[in-house]
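Report on the structure given below.
The values are calculated or read from the model by the stated rules, or taken from the named source; none is laboratory data. Remember, it's a predicted structure, so these values are computed and weren't measured experimentally. Positions of Cβ are generated from backbone atoms using ideal geometry, with glycine treated the same way; all protein chains shown enter the neighbour counts. Calculation scope for accessible area: heavy atoms of the full protein, side chains included, ligands and nucleic acids excluded. Shrake-Rupley method; radii C 1.70, N 1.55, O 1.52, S 1.80 Å.
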Amino acid sequence: MPDLLTLLLQIAIILILARVMGWLFRKIQQPQVIGEMVAGILLGPSLLGWLAPGVSAALFPPESLGYLNALSLIGLLVFMFLVGLELDSGVLLGQGRAMFLTSQAGIVAPFALGALLAVYLYPRLAADGVALGHFALFMGAAMSITAFPVLARILIERGLIKTRLGSVAIACAAVGDVQGWCILAGVVVLARAGHTSIPFWGTLLGSVVYVLGMWYGVRPLAHKFESAFRQRHAVTQDMMALIFVLVLASAWITEWLGVHALFGAFMVGAVMPRDHHFTAALTEKLEHMAVVLLLPIFFAFNGLRTSVGLVNGAQLWFYCALIILVAILGKFGGVTAVARATGISWREATSLGILMNTRGLMELVILNIGLDIGVLSPTLFTMMVIMALVTTFMTSPLLQWVYFARLWPGRVTEGAAERVL
């Protein structure tokens with residue numbers, strides 16, 4: 001059994017630091033989630049373990065990390081369910097030409113550049129035993145992801161969610177993330193082949209049966225939740241219990257198939273009814289627990305696996321800078337160029353490229369999967385975490401300069417975004 005006193009102290013310190021750092025980052029016009037990501041890194045070997053190794057060893061002994069990991073995985077399951085719940089299939093299917101081409105550019109360009117970079121980094125930074133093909137596919141998928149929830153919150157905070165820019169950004173991020181997660185699922189299956197009890201062909205066949213069963217079996221049944229909600233005008237405890245069982249069962253199936261438990265949780269959210277009142281009530285029930293309690297534990301666990309000290313020397317920092325540059329060129333460059341070619345103005349095309357370059361929490365989820373399945377080495381994992389932080393941090397100031405400052409030169413205010421509507 002875990003040392004309960006240690007576990008309680010860990011959670012309390014994680015929550016306090018996460019809230020403090022989130023508040024500080026809000027003060028500098030950054031999303032709170034970036035502060036929480038930084039808080040996790042500060043608790044790891046990058047700062048606490050470096051400044052006070054004795055305190056770090058006493059607060060986070062190695063034998064306690066398994067329990068933090070378990071709690072963080074539960075938080076990620078809930079979070080991925082909410083991500084699937086936020087996706088609107090109508091948006092995915094009802095894209096215009098500009099949205100379609102831009103969303104594909106946001107996948108193809110970063111994926112291609114990431115795969116090419118992987119060929120260069122493979123002999124230098126790849127984990128032992130990983131195949132070049134798996135490594136290249138994973139790097140391409142990791143470069144292609146946009147932090148859909150973080151992007152949505154930035155658009156809401158800036159008053160852009162109902163503008164043309166906000167609509168295109170949300171649609172492109174949704175389409176891109178669905179495709180990116182499909183690619184990642186394939187990479188995970190390939191990387192785990194031979195390491196699971198199910199043969200590769202069984203995983204592929206089982207995954208197809210699972211997706212069809214979720215879409216044509218569970219999806220129609222899930223509408224009963226919406227009907228019950230309309231009758232009772234509330235999400236009852238019995239409904240919540242059934243939804244939790246669905247999430248856990250789906251996660252168990254995808255983990256057993258050799259894909260990953262997070263894909264199962266995401267799929268349950270994706271097949272839920274899209275009634276606005278139902279999804280809003282369900283999100284309100286789950287969001288506080290996931291965002292306030294469990295996700296900071298994930299950030300802390302991620303921080304404990306991230307050691308900036310591993311990136312020592314000019315050569316390794318060159319590789320890190322190269323990863324950041326390729327990530328920005330792929331997402332920002334590809335989206336901006338194609339959006340402009342479809343007739344969107346330079347200001348909006350550039351702003352769209354900036355927004356799509358946001359990686360945030362979704363990138364950390366993917367990177368932890370890569371580390372767990374042995375595709376990423378600890379050093380490359382740390383470099384990719386730094387890339388996720390840099391590309392997310394740069395979104396707000398660049399958007400302020402490119403979109404708002406050029407819209408109202410010399411008099412940009414906090415409420416200026418609302419005048420876009």
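Contact order for the stretch 22-173, expressed relative to its length and based on alpha carbon pairs under 8 Å spaced 6+ residues apart, stands at 20 percent.
Measuring nothing but how far apart in sequence close Cα pairs (under 8 Å, 6+ apart) lie, relative to its length, the chain scores a relative contact order of 29 percent. Membrane-span-like helices in the chain, defined here as complete DSSP H runs extending at least 27 Å along the helix axis by their C-alpha atoms with mean Kyte-Doolittle hydropathy no lower than 0.0, are 4-27, 65-86, 97-125, 164-192, 237-257; this is a sequence and geometry rule, not a statement about a membrane. Over all pairs of different C-alpha atoms in the stretch 167-246, the reciprocal of the mean inverse distance, the Kirkwood hydrodynamic radius, equals 15.7 Å.
Once both labels are positioned 7 Å from their Cα atoms along Cα-to-Cβ, the gap between Ala58 and Leu212 label points is 6.0 nm.
Where only DSSP H runs of four or more residues are counted, the chain gives -23000 deg cm²/dmol as its mean residue ellipticity at 222 nm, each run worth -39500 (n - 2.57).
Largest to smallest in accessible area, the residues Asp177, Asp238 fall in the order Asp238, Asp177 (1.4 Å probe, all protein chains included).
Spin-label model, Gln315/Arg124: points 7 Å from Cα along the beta carbon direction are separated by 0.9 nm. Less than 5 angstrom separates the built amide H of Leu376 from those of Leu371, all sequence-distant by 5 or more or on a different chain. Which percent of Cα-Cα pairs in the stretch 12-171 sits in each 10 Å bin, short to long? Percent of Cα pairs in each bin: 9, 23, 31, 28, 8, 1.
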